[in-house]
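**Student:** Can you keep this structure in mind? I'll have questions shortly.
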Amino acid sequence: MERGRRVADLPAAEDSAMCLKKELKMRKLLSIIAISIAAAGIGHADTAAVPQLTVTGQGVAQVVPNMARISLGVSERSDDAGRALDAVAGSIARMLTKLTEAGVAERDIQSTQVNLSPQYDYNRKNNGVPVLVGFVASSTLSVKVQDLSTLGAIMTAVTSVGANEIHGLQFDVKDRAGAEDSARALAVKDAMHRAKVLAEAAGLKLGSVLMMQEGGAAPGRPVMMAMERASADMPIAAGEMGITSSVTMVFELVE
């Protein structure tokens, strides 16, 4: 009977042992977390106690654009919605033919917008009741021109077959990586120069770089340098554009 009682107590003993083991693991984990938090707090306190200087540098890499993006559109009005859409569709088809003839690849042409909207007359003679007077249909093509020497001729060609809207012309470079890296290097150089001037003015010296964060690279506005005629009808301004970058740096200050 006593032996049977001891055997029955074994599961309870095992459960107690497992609970104790879990409790020890939990205490160990909590101790590690507490030590980590304390160490982080000490490190933060040490960093915060160091005199610091934060500056932002700017860099601009000037490049000559070798491609362009242009948005070409056509808009037509008619008393009938179908006729308005048909007129726009015909103009777009002719524009696509002209673009292909000019050497623009299919992958560089994209339809970006197709609209059809009713037009109402709000004349007071109608007692404020709007009267439907027609429909306006429109469509837009985004075109990437890889050869700038053909840009003027392309614009003239598409307007001759129905394009009546030009929404924007943006110059760019095919490979931006090199120019972006140059802009980054110039931004770091500018930040270090600014920091050095400020530190010396305060009678201090620059120590280690504590933090560096890039603000991003972006194209700047085109700077028009000269005027060239890309075609007999459409003059295109050729010039330079700036790719910009910014960087924020935090320096340690020492006496």
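**Student:** How many residues are touching a residue at least 12 places away in the same chain (Cβ under 8 Å), among the acidic types (Asp, Glu) and not in a strand (DSSP E or B) when one looks only at the range 73-99?
**Tutor:** Final tally of qualifying residues: 2.
**Student:** Residue check: is Gly134 exposed (fewer than 12 other Cβ atoms within 10 Å of the Cβ) and not in a loop (DSSP other than H, G, I, E, B)?
**Tutor:** no
**Student:** Continuing with this model, one more query. Any idea which of (1) more than 18 Å from Gln170 (Cα to Cα); (2) surrounded by 14 or more Cβ atoms within 10 Å (Cβ to Cβ); (3) not acidic (Asp, Glu) is the one Gly73 doesn't satisfy?
**Tutor:** (1)
**Student:** Right, next: Within the range 163-212, can you find the residues that are part of a helix (DSSP H, G or I), of a type in the set (Gly, Ala, Ser) and in contact (Cβ under 8 Å) with a residue 12 or more places away in the chain?
**Tutor:** Ala179, Ser182, Ala183, Ala185, Ala187, Ala191, Ala195, Ala199
**Student:** While we're on this one: Please list, ordered by first then second residue, the pairs with beta carbon atoms under 7 Å, 6 or more apart or interchain, first in the range 230-255 and within 16 Å of Pro65 (Cβ to Cβ) and modelled with pLDDT under 90, second hydroxyl-bearing (Ser, Thr, Tyr) and loosely packed, with under 15 Cβ neighbours inside 10 Å.
**Tutor:** Qualifying pairs under 7 Å: Ala230/Ser149.
**Student:** Does Thr56 satisfy the condition of being of a type in the set (Val, Ile, Thr), open to solvent by less than 90 Å² (accessible area, probe 1.4 Å) and at pLDDT 65 or above?
**Tutor:** yes
**Student:** For residues that are in a loop (DSSP other than H, G, I, E, B) and more than 22 Å from Arg77 (Cβ to Cβ), tally how many sit in the range 100-131.
**Tutor:** Total satisfying the criteria: 6.
**Student:** Test of understanding: among Thr112, Thr100, Thr159, which residue is open to solvent by 60 Å² or more (accessible area, probe 1.4 Å) and closer than 23 Å to Pro65 by Cα?
**Tutor:** Selected residue: Thr100, the only one of Thr112, Thr100, Thr159 that is open to solvent by 60 Å² or more (accessible area, probe 1.4 Å) and closer than 23 Å to Pro65 by Cα.
**Student:** Consider Gln170 against the criteria (1) in contact with a Lys or Arg (Cβ under 7 Å, 6 or more places away or on another chain); (2) under 29 Å from Ala81 (Cβ atoms); (3) open to solvent by 40 Å² or more (accessible area, probe 1.4 Å); (4) not charged (D, E, K, R): it satisfies all of them except one. Which criterion is unmet?
**Tutor:** Going through (1) in contact with a Lys or Arg (Cβ under 7 Å, 6 or more places away or on another chain); (2) under 29 Å from Ala81 (Cβ atoms); (3) open to solvent by 40 Å² or more (accessible area, probe 1.4 Å); (4) not charged (D, E, K, R) one by one, Gln170 breaks only (2).
**Student:** I would also like to ask the following. Does the range 154-162 include one or more residues that are closer than 22 Å to Ser78 by Cβ, in contact with a Lys or Arg (Cβ under 6 Å, 6 or more places away or on another chain) and not in a loop (DSSP other than H, G, I, E, B)?
**Tutor:** Scanning the range 154-162 turns up at least one residue that is closer than 22 Å to Ser78 by Cβ, in contact with a Lys or Arg (Cβ under 6 Å, 6 or more places away or on another chain) and not in a loop (DSSP other than H, G, I, E, B).
**Student:** Note down all Cβ pairs under 6 Å where the first residue falls in the range 45-60 and is under 13 Å from Ala195 (Cβ atoms), the second is open to solvent by 70 Å² or more (accessible area, probe 1.4 Å) and modelled with pLDDT of 85 or more, and they're at least six residues apart or on different chains.
**Tutor:** Listed pairs, sorted by first residue: Val55/Arg194.
**Student:** Val143: crowded, with 17+ Cβ neighbours inside 10 Å and hydrophobic (A, V, I, L, M, F, W, C), yes or no?
**Tutor:** It is true that Val143 is crowded, with 17+ Cβ neighbours inside 10 Å and hydrophobic (A, V, I, L, M, F, W, C).
**Student:** Could I ask something else about it? Where the second residue is surrounded by 11 or more Cβ atoms within 10 Å (Cβ to Cβ) and part of a strand (DSSP E or B) and the first is among the acidic types (Asp, Glu) and lies in the range 111-134, which pairs have Cβ atoms under 6 Å and are six or more apart or on separate chains?
**Tutor:** Close Cβ pairs satisfying both conditions: Asp121/Val131; Asp121/Val133.
**Student:** Could you figure out which of (1) in contact with a helix residue (DSSP H, G or I) (Cβ under 9 Å, 6 or more places away or on another chain); (2) over 23 Å from Asp86 (Cα atoms); (3) open to solvent by 80 Å² or more (accessible area, probe 1.4 Å) isn't true of Val129?
**Tutor:** Every condition holds for Val129 apart from (1).
The values are calculated or read from the model by the stated rules, or taken from the named source; none is laboratory data. Remember, predicted model here, so these are calculated numbers, not experimental data. Don't worry about glycine lacking a Cβ; one is built from the backbone with ideal geometry, like all the others, and counts go over all protein chains shown. These accessible areas exclude ligands, DNA and RNA; they are computed on the full protein's heavy atoms, side chains included. Shrake-Rupley method; radii C 1.70, N 1.55, O 1.52, S 1.80 Å.
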